Amino acid sequence: FKAPSRDHPALYRDLLRTNRVHWIAEEPPAELVREKMMECHFRFQHQMALVPCVLTLNQDGSVWVTLVKPARAIAPGQFAVFYKGDECLGSGKILRMGPSEYTLQQGKNRAETPKKEEIDKIEPVT
């Protein structure tokens with residue numbers, strides 16, 4: 001995929017799913033097991049700043065990662081690395097991604113101003 005610019009909304013995402021996470025402590029953090037959700041920080045490139053996120057634990061050991069603000073250029077195959085404070089908790093390979101900011105924006109734009117043909121399909125003129 002080639003975006004028109006480096007900051008195009010199609011490059012930004014705030015939701016991704018990993019494969020089974022490899023936890024440094026061998027077990028998922030107790031809070032994550034107990035609550036099925038946990039706030040922590042995430043990065044997917046070595047030099048990038050940590051991004052606040054919420055992990056949601058799936059039964060298969062994978063996690064959904066919801067970022068507090070969308071991050072640029074996340075791609076399947078990269079590794080998501082999770083931190084609590086300075087401690088590295090573990091990592092998982094990124095398998096799937098949620099919709100891009102561009103896709104979400106397109107959806108919002110369509111939702112706000114449906115075209116006449118779309119309205120006619122929903123409510124046939126009688």
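Measuring max minus min along each principal axis, the C-alpha atoms of the range 9-104 give extents of 36, 28, 21 Å (largest first). All other residues whose Cβ lies under 13 angstrom from that of PHE42 are scored, Lys and Arg at +1 and Asp and Glu at -1, for a net of +3. Average accessible surface for the range 9-104: 57 Å² per residue, computed with a 1.4 Å probe over protein heavy atoms with every protein chain in place. Among the protein heavy atoms of the range 9-104, carbon and sulfur supply 54% of the accessible surface, probe 1.4 Å, non-protein parts ignored. With the highest mean first, a sort of the peptides 23-31, 66-74, 80-88 on other beta-carbon atoms found within 10 angstrom per residue produces 66-74, 80-88, 23-31.
Quick check: net charge around ASP14, other residues with Cβ under 12 Å of its Cβ, Lys/Arg +1 and Asp/Glu -1? With Lys, Arg at +1 and Asp, Glu at -1, the net is +2.
The values are calculated or read from the model by the stated rules, or taken from the named source; none is laboratory data. Model, not experiment: these values are computed from the prediction. Positions of Cβ are generated from backbone atoms using ideal geometry, with glycine treated the same way; all protein chains shown enter the neighbour counts. Note: areas computed on protein heavy atoms with side chains; ligands, DNA, RNA excluded. Shrake-Rupley method; radii C 1.70, N 1.55, O 1.52, S 1.80 Å.
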